[in-house]
Amino acid sequence: MSFRIKNWRIWLVIGWIVAVIAWNGPLAAAETAIRYFPSGLIYEYRWKLLELALAHADGPQGAIRLEPYTEDITQNRGILLLQSGTIDVIALGTNDERESKLLPVKIDILRGIVGFRLLVIRATDQARITRMDASSLRRDLTFGLNSQWADLAILRANGFAVTTSSSYENLFGMLAAGRFDAFPRGLNEARRELDERRQAFPQLSIEATKALYFPYPVYFWVSKNNAALAERIERGLRLSLADGSFRKLFESYHAAEIAALRQEKRHVIRLDSPILPTGAVEPDTSWWWPEQR
């Protein structure tokens, strides 16, 4: 009698498991949440690329869900939160300090496009800037940048006068108020950012004749104690490069900017990059700017 009762209980448990599988599908590995920084519309491509890479590298580690870190923090604060484990992945440009503190996945996720800088200006200054050459840009214009951005050192090392703010958003108001003359933004950033702020700052526009370019790779970064995640991201990026899905995603997000660049005639002023770590590979711009190669 006891044996029959035990058998009955075993079959009941088996039946329950079968019912759960039939209702929910096969049992899956636990889902892991990955918190990332920075977030916002202009960074959407970076995280879609991470999603693509992780999907390519998916394996026994289980599924991953990406979650933005939405608090308004500086880049330096984001780096500290990455080191402490509050944030899992950041996507920023490289320099020696970051490479000493963090673990980079050394595949340039933006193919150098963020190093091609258009100038956001007051529209009334367009005629004045059109007449300038590289020397007078350095002599007669003041640029505005965030005090924590890695490219601040690049502009200063190349002889540009720079005014800073710790707030990215404040820079648009400072430019409109005449606190500086030009806000250099990546080819992938400038028009989108202005479109979002057209009502607040109708006096601002994209300068039509000049651009700056400096080699500026952007990587995914994790903490030094999370090598497994770095390896997984790198594997996924290399697989997506090999099958063309990386390039397809990049071109889908930047199609308008690439098309505009090919139609425009700009004087491109090339800058040295003293922050580029020794041995770093310069970006391959051939997907969007073949003239650079």
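The values are calculated or read from the model by the stated rules, or taken from the named source; none is laboratory data. For clarity, every value in this text was computed on a predicted model and none was experimentally measured. As a convention, Cβ positions derive from the backbone with ideal geometry for all residues, glycine included, and neighbour counts pool all protein chains shown.
Look at the stretch 112-153 and say how many of its residues are closer than 30 Å to Pro277 by Cα and among the polar types (S, T, N, Q). Result for the stretch 112-153: 6. For the stretch 204-224, the candidate set comprises residues that are assigned to a loop (DSSP other than H, G, I, E, B) and among the hydrophobic types (A, V, I, L, M, F, W, C); within that set, the residue that is farthest from Asp88 (Cα to Cα) is Ala208.
Screening the candidates Arg65, Arg131 for the property of being modelled with pLDDT under 95 and among the basic types (Lys, Arg) yields one hit, Arg65.
Per the listing Pro283, Pro274, Pro217, the residue uniquely farther than 30 Å from Ala57 by Cβ and of a type outside the set (D, E, K, R) is Pro274. Could you pull out the residue among Leu110, Leu103 that is under 26 Å from Glu169 (Cβ atoms) and of a type in the set (A, V, I, L, M)? Exactly one residue qualifies, and that residue is Leu110. Looking at the stretch 68-156, the strands (runs of 3 or more DSSP E) lying wholly inside it that each contain 1 or more residues that are buried (at least 16 other Cβ atoms within 10 Å of the Cβ), of a type in the set (Val, Ile, Thr) and more than 16 Å from the chain's Cα centre (by Cα) sit at 116-122.
For Phe201, are the conditions met, namely being modelled with pLDDT of 95 or more, surrounded by 15 or more Cβ atoms within 10 Å (Cβ to Cβ) and part of a loop (DSSP other than H, G, I, E, B)? It is true that Phe201 is modelled with pLDDT of 95 or more, surrounded by 15 or more Cβ atoms within 10 Å (Cβ to Cβ) and part of a loop (DSSP other than H, G, I, E, B). Sort out which residues of the stretch 167-198 are more than 25 Å from Tyr45 (Cβ to Cβ), in contact (Cβ under 8 Å) with a residue 40 or more places away in the chain and assigned to a loop (DSSP other than H, G, I, E, B), and write them in order of number. Across the stretch 167-198, the qualifying residues are Gly178, Asp181.
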